[in-house]
1. May I ask which of Lys185/Lys244; Lys156/Lys226; Lys156/Lys208; Lys94/Lys176; Lys214/Lys263; Lys176/Lys208 have a Cα-Cα span longer than 30 Å here?
2. Under a 5 Å amide H to amide H cut-off, with H placed in plane at 1.01 Å, what residues pair with Leu189 once short-range neighbours are removed?
3. Would you mind computing the Rg to Rh ratio of segment 26-111 from its alpha-carbon coordinates, Kirkwood style for Rh?
Amino acid sequence: MSKGKGKQVEKDREATSSPGSSITLAEISALHEELRASLAADFKASFESLDTKLDNIHSTVTAHDQRIGSLESGLTEVSQRLEHLEAAYSGLSKDNESLRLKVSKRGVVDGRMFASWVFLSPSKARVQRSSFPNLAIKSWNRPPELDRAHRIPAPKPAPGQRPRPVVLRFHRYQVKDLVICESRKKGVLTYQGHKIRIFDDYSPNVLKLRGEFKEAMAELYKRGLKPALLFPARLRITLSNCEKMWLLSATEANNFVQRLDAK
């Protein structure tokens, strides 16, 4: 039995080592070359793809660099223009302040000539420059001289609504002050059978300045000091000893009231 098994093993070894059933070195070398060529082709394709992507990234980065450089140049130009505009704005602000001061002063001069009258009831009376309410001022030999008279530029009121005020420009402010004074004394004035009221027509700047004295004047009236607000915005106070005091700003008036409270 053992001799038979040994012969069979030898036969199997011979069959395994026979040329028909074994892989030769040449075949292994061929497979190796094929695998190497396949890997080389794959690597080459991958590297070519990476090169293409890197070229695209490089071109994108270059374009971004150019755009960033252009933006920096533009920002530098904008910064220079802003500095120029700031300098121009500063100069214009000074010029504007100077012009506003001149206009304010001019308004103070011209504003003394203007007055307005308002109809206290609906009226269709036409306003003429030569006509004026009769105040029966003894020193007048003729109606006051007016440069112009017109209604304010506003929509025509509906029936039953208050008519538009009439703006008058006197040729002399002394006459206007006299008219305002006399109208206050008489109380009720008429024009072509209609009741009217006459008052000063101040510019917005003057009205703002005069409005700042409102609280101080109310306190002074309570103390019987007889305050009078003169044009454009000067407060005159008549003291108990009949002396007159002038306050040229609302701050001075408020400080004066505070000093009275402290006493």
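What follows is calculated from the coordinates using simple rules that are stated; it is not laboratory data. Here the structure is a predicted model, which means the values were calculated and not measured.
1. In this structure, Lys156/Lys226; Lys94/Lys176 lie more than 30 Å apart at Cα.
2. Counting only residues 5 or more places away or on other chains, the set is Ile196.
3. Across segment 26-111, the Cα-based Rg/Rh ratio is 1.79.
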